[in-house]
1. So, A:Leu523, is that one facing chain B (nearest Cβ under 10 Å), aliphatic (A, V, I, L, M) and not in a helix (DSSP H, G or I) or not?
2. Only one of B:Asp60, B:Asp36, B:Asp69 is of a type outside the set (Ser, Thr, Tyr) and crowded, with 24+ Cβ neighbours inside 10 Å. Can you tell me which?
3. Taking A:Ile266 and the conditions (1) surrounded by 24 or more Cβ atoms within 10 Å (Cβ to Cβ); (2) touching a helix residue (DSSP H, G or I) at 6+ places or on another chain (Cβ under 8 Å); (3) under 23 Å from A:Asn433 (Cα atoms), which numbered condition does it fall short on, given that it satisfies the others?
4. Can you name the number of the only condition in (1) more than 14 Å from every other protein chain (Cβ to nearest Cβ); (2) crowded, with 23+ Cβ neighbours inside 10 Å that A:Ala592 fails?
5. Within segment B:31-41, work out how many residues are within 9 Å of chain A (Cβ to nearest Cβ) and more than 16 Å from B:Ser59 (Cβ to Cβ).
6. Can you pull out the residues in segment A:526-552 that are aliphatic (A, V, I, L, M), within 12 Å of another protein chain (Cβ to nearest Cβ) and in contact with a helix residue (DSSP H, G or I) (Cβ under 9 Å, 6 or more places away or on another chain)?
7. Checking the structure you have, find out if any residue of segment A:364-386 is part of a loop (DSSP other than H, G, I, E, B), of a type in the set (Asp, Glu), surrounded by fewer than 17 Cβ atoms within 10 Å (Cβ to Cβ) and over 25 Å from the mean Cα position of the chain (by Cα).
Amino acid sequence: MNEHTRILVVGNGMVGHYFVQELVKRHPDLAAAKLEVTVLGEEPRPAYDRVHLSSFFSGSTAEDLSLVEPGFYDKPGLTLRLNARASSIDRIKHTVTLSDGTSLPYDKLVLATGSVPFVPGVIGRDRENCFVYRTIEDLEAMTAAGIQAKSGVVVGGGLLGLECAKALRDMGLDTHVVEFAPRLMAVQVDEAGGQVLRSKIESLGVHVHTSRNTTAIVDGATARHRMVFFDETWLETDMIVFSAGIRPRDELARESGLAIGARGGIAIDDFSRSSDHDIYAIGECASWNDEMFGLVAPGYDMARIACAHLFDDHSTTFQGADMSTKLKLMGVDVASVGDAHGKTHGCRSFHYLDELRQIYKKIVVSEDGKTLLGAVLIGNADEFGTLQQMALNAMPLPENPEFLILPASDGKEKPGLGVDALPDSAVLCSCNNVSKGAIGEAVAAGACSIGEIKACTKAGTACGGCVPLVTQVMKAEMRKHGMAVNNHLCEHFPYSRQELYHIVRVEQIRTFDELLAKHGKGLGCDICKPTAASVLASCWNDFILKKDLASLQDSNDYFLGNIQKDGSYSVVPRMPGGEVTPDGLIAIGNIAKKYGLYTKVTGGARVDMFGARVEQLPNIWEELIAAGFESGHAYGKSLRTVKSCVGSTWCRYGVDDSVGLAVELENRYKGLRAPHKIKFGVSGCTRECAEAQGKDVGVIATENGWNLYVCGNGGMKPRHAELLASDLSKEDLIRMIDRFLMFYIRTADRLQRTSTWRDNLEGGLDYLKDVVINDYLDLGAELEAQMQHVVDNYQDEWKTAVTDPEVRKRFRSFVNSMTGDTNIMFVKEREQMRPATPEEKQQAKTIPILALVE
Amino acid sequence: MNQLQQTATSPTAGNPPMSVPAEQAGTWQAVCSLEDIWPNTGVCALINGRQIAIFRMKSDVLYAIDNHDPHSGANVLSRGIVGDLGGEPVVASPIYKHHYQLRTGECVEDASTQLNTYPVQLRDGMVWVKTTA
């Protein structure tokens, strides 16, 4: 190699980017390693997650999908050129020419050009509103067209086609799938599985047409297009999306004379090298043994192998790929493992079909019945991880393999995989090539939640299909390390928060003393007491400063105010939806002035008053209550605010009354105590001025109702909320929020915001939808009733506190003196007061404190 | 409030402070009635200009330590949550959650920080604290 090795990577898709990451992993300082790396991407943006492209329709933005860490391509020695399309390779001169005429030299060339959607040669396929489904630009165009359209057709009933159909259905279109083959997902699924899948998908309102060959697309009579089929039947629709498979982008290679596979694709050897040994090909554009791989995991494999080989590391070779897949299509589990079609000579199979619940399961075993060869799972794919590992690692089958797929009966344990039997080399996450051994190492290094495992190993962060198995392995490893999967709250209770919640509910426990006596030991502490207080409040909603509850409350709840660094408190009256009358503002102004408080408008659209001493609080609140205000619970792990934009009442773009809904929601959920604080946002249109998608619960008005987003967060680790349900009526919206919040309260850990809770929720968003929307656990009515109890038992805590002389007596600095804490001192800054620094206190530069206690 | 101040200056009969042996330096003062401290909570007493946090634990066991939290610089310990760590009674500061042992005044997270502790007694329903001048 030259003094500087010039590596040119053509393609900045998932695999191309992964290759560069591998390169950087080997040589963090590319310049020092004398490497000059240039990456060409023809799209306007760097690599993004194409596997989760459909989440673009449920609110993910291009930024959310990005795979590139900020600054990644700014490293010395690394250049990324976007909107740059390679048009030819000169293998003799070792150059690549771009479509703008620029010529780039290379020593080693890596082709990661991916694939293009296959569009069948149908007459009229170039008509307007005919799309393919591959890039973010394609999706943007589809979204724009979807607004005008009433109906849509997806050509192709494979994996991508069905995902695309979901997107069309979510856009509210009358959706059809047209498939050439006699069944859906013909590659992964057998005849019987295809039947079950079809009836499941039809029951979701998508029309399925199989064995249909489209011959022409012409003008329609009732819609934009008419699709004419070979038998002269036809279907009319406003938009068409072609998703009939992919073809490798091998034209650069063909034109430069590289060897091509029998079915297309750049022919590669076991090191991912093309027929020209200075050129590698990786991902969907490559053909190994005349086979191409349309999944991301084999592409990553090739990228790793090519990168290793480039640096003379010949230890790994490409040996084909496990094409097992598991996915959820429109809420329907679909999985296939290994030899799903039973093509192996002499193999035997077991089938299970439940036509009532529409579940189909099949396993294919070897002739001698000792090893698992393949499987198909439709409707429920719980066993996927187990079956995949059994097949991959040729583990011995149990004596009666049928029990692997039969529903468990009479409480009998299903024969599991026994993760301990898995070898350390077993790859659990094939997308990111994470082995069981790597999970073990992560646990040994201290990771003990699925969130931490994801962060440090990347397992489960691509398709997510392996998360249940990875969780099982993590727990087994923790046990092995003597970490005894211990989610005990603290030394006083051998239970998790979730278990304590359950105990309190079932045994109707109403005090901490009773809980401690029955289920704990010792005196309790500052962990279990506030947790118990929160659980008791979520269940029964008693006044939190009752004599037997007051001692449990954390700093802020203890005096119904936010304790500040100097021991003073802040005062925040509720302003539902951010709405406040001029008289209300005047009252707040007068009170703040009278008590000499610092005032600031909060991020939650209300007014915060700082600097109140504990003995001032009851008087301040008495005056606020007289002016019509209530506690804003700014101090509680509870509902804070429902932020709203001004909505259709005033705004010329508004679609619905966001303020009205925000006021109603805030009044419904005020006082609800939860594992952590909860923030809402309601926007009156998709311009989203209330930033609802950064909230625990976000609601956005649509033409047809309200869209509900959940588990967003701003703060330390921003997270976009995810779409839980669309176009809800107000009544349904409130029912879904009731269920969502109560399910969160029931299952979250202490101090776990909805975003972290969601990240750690096994089964992810789909599971959450199953529980909240589809009522999979049959909990809906119970959760709604529990929420209604909380709502019905709401009281303004401050009103109760100031009217109860016993409680009011607690609000004083000293038990034996009426004076205040003289350590709380203020100085003036920008026309208001602020706490004095220790130096200022020394120099006695402080201003007098107003209106103590009368 | 009035009633309290009266009690503080005229201790009830029983064990008046005068009965404390003379060799123990300092003076006993009645601070409040037991009922003024809700079970499992603390209050702050102002004694000769000094802020002292008094805690009422299970079975009316009483402890008194400084109210000043050196880690935050605020006078707040009486407002902390009480409990035990490994059987040792503690209070958690409401500001940054440092734990202080009620018997010794030692900070659990930082043994170099030591608060003053004060003898405290329950006499005929009144809480008495002894301070040195």
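1. yes
2. Step by step, each of B:Asp60, B:Asp36, B:Asp69 is checked, and only B:Asp69 is of a type outside the set (Ser, Thr, Tyr) and crowded, with 24+ Cβ neighbours inside 10 Å.
3. All conditions pass for A:Ile266, except number (3).
4. Among (1) more than 14 Å from every other protein chain (Cβ to nearest Cβ); (2) crowded, with 23+ Cβ neighbours inside 10 Å, the lone unmet condition for A:Ala592 is (2).
5. Number of matching residues: 3.
6. Listed by number, the residues that qualify are A:Ala532, A:Ala533, A:Leu545, A:Leu549, A:Ala550, A:Leu552.
7. Scanning segment A:364-386, I find at least one residue that is part of a loop (DSSP other than H, G, I, E, B), of a type in the set (Asp, Glu), surrounded by fewer than 17 Cβ atoms within 10 Å (Cβ to Cβ) and over 25 Å from the mean Cα position of the chain (by Cα), so the answer is yes.
Every residue, every condition in (1) more than 25 Å from A:Ser115 (Cβ to Cβ); (2) not in a strand (DSSP E or B), yes or no:
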position: A:Gly193; (1), (2): yes, yes
position: A:Ser199; (1), (2): yes, yes
position: A:Glu236; (1), (2): yes, no
position: A:Ala253; (1), (2): no, yes
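The values are calculated or read from the model by the stated rules, or taken from the named source; none is laboratory data. Keep in mind it's a predicted model, so treat the numbers as computed, not measured. No Cβ is skipped: glycine too gets one built from the backbone with ideal geometry, and neighbour counts run over all protein chains shown.
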